[in-house]
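Below: the structure, in structure tokens.
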Amino acid sequence: MTMQRLLKVVWSPRSIQIGFVAAVFLAWHLLTRFGRISPLFLPPLDAVYTALAAIFTSGAVVRAVVTTLRTVLIAYAGAALLGIAVGFGITRSRYLCQLAEPLLSSLFAIPLTLFFPLFLLFFGIGPESKIAYGMTYAFFPVVLNTISGLSHVDGKLIAAARSMGAPPHLLLRRVLLPGALPVILTGLRIGFFICFATVLGGETLSSISGLGHEVANSAQLMDSGRMFAWILVVIATSFCLVLLAGLLERLRGGWRGGDLR
């Protein structure tokens, strides 16, 4: 391998990402071994590994991940369907767009964490409150991007389709959605990760199961090794979701580039 190719490999984005992760774990090891940091705040890596092995062998990881992902998927499905439907309805009227878009943007800027006790009051501490909480938070980026995407579809295309007698459902399927799809998909992607973070936050604040509950429960028990083990599980789950989103994005690009009729 020539020096140029070696430098290309070393400085590739993947190599830098791997090096960053390795540097974080090396710094963690050195700080806990020589930095005189209390294990209560930063446990040694071997303690985290022991806790991680214990929660994997007990099956707790699978149960927690399944619980959280099921909650996220239900909340996200509701937010996606409702956001696209409401966004489409609003864009049918210029007056509604002028009225609703600033209002929705203002509501989205309000930290919904302030209202989380209301979700607990109405839905209890079970997954229902996290579903409602995540669905509410994820609704806003979906509906706002849907409004933005549909509002900026070329008016000439809409007028041409209407002049040829296209009914509303055909206008939506053949003109509006293809023209607004990139913006809508961006909103769906943002909404999904907001939903995931919101559900985790809700589980951490008050829950009886899920990844967030396990992190909070370990912290309450002052078991830092187990808490960091659960945090690593959360990070790994988030990383897998990012990879899945990237794969779907590449597949979408492949489908868009094909000759589909």
_Index of the failed condition, residue 125 passing every other in (1) closer than 30 Å to residue 203 by Cα; (2) under 23 Å from the mean Cα position of the chain (by Cα); (3) part of a helix (DSSP H, G or I)_ = (3)
_Residues located in the range 210-223, provided they are crowded, with 20+ Cβ neighbours inside 10 Å, over 23 Å from residue 189 (Cα atoms) and touching a residue at least 60 places away in the same chain (Cβ under 8 Å)_ = 213, 214
*Give just the number: which of (1) out of contact with any Phe, Trp or Tyr (no Cβ under 7 Å at 6 or more places or on another chain); (2) at pLDDT below 95 does residue 45 not satisfy?*
(1)
*Within the range 228-237, which residues are free of Cβ contacts under 8 Å to residues at least 60 places away in the same chain and touching a helix residue (DSSP H, G or I) at 6+ places or on another chain (Cβ under 7 Å)?*
231, 234
*Only one of (1) of a type in the set (Gly, Ala, Ser); (2) assigned to a helix (DSSP H, G or I); (3) surrounded by 16 or more Cβ atoms within 10 Å (Cβ to Cβ) is not met by residue 166, so which one is it?*
(2)
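Within the group 50, 32, 2, 68, which residue is closer than 30 Å to residue 129 by Cα and not hydrophobic (A, V, I, L, M, F, W, C)?
Values: 50 fails: closer than 30 Å to residue 129 by Cα; 32 fails: closer than 30 Å to residue 129 by Cα; 2 fails: closer than 30 Å to residue 129 by Cα.
On inspection, the qualifying residue turns out to be 68.
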*Matching residues, the range 83-103, being in contact with a helix residue (DSSP H, G or I) (Cβ under 6 Å, 6 or more places away or on another chain) and within 23 Å of residue 192 (Cβ to Cβ)*: 83, 84, 86, 87, 90, 91, 100, 101
*Which of the residues spanning the range 20-68 are of a type in the set (Val, Ile, Thr) and touching a Gly at 6+ places or on another chain (Cβ under 8 Å)?*
48, 50, 67, 68
*asked:* From the list 51, 80, exactly one residue is of a type in the set (Gly, Ala, Ser), over 22 Å from residue 207 (Cα atoms), touching a residue at least 24 places away in the same chain (Cβ under 8 Å) and surrounded by 18 or more Cβ atoms within 10 Å (Cβ to Cβ). Which is it?
replied: 80
_Any residue at all in the range 189-207 that's more than 19 Å from the chain's Cα centre (by Cα) and in contact (Cβ under 8 Å) with a residue 60 or more places away in the chain?_
yes
*Taking into account only those residues within the range 128-162 that are within 13 Å of residue 206 (Cα to Cα) and touching a Leu at 6+ places or on another chain (Cβ under 8 Å), which is surrounded by the most Cβ atoms within 10 Å (Cβ to Cβ)?*
133
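The values are calculated or read from the model by the stated rules, or taken from the named source; none is laboratory data. Worth saying up front: this structure is predicted, and the values here are computed from it rather than measured. Note that we place each Cβ from the backbone using ideal geometry, even for glycine, and neighbour counts take in every protein chain shown.
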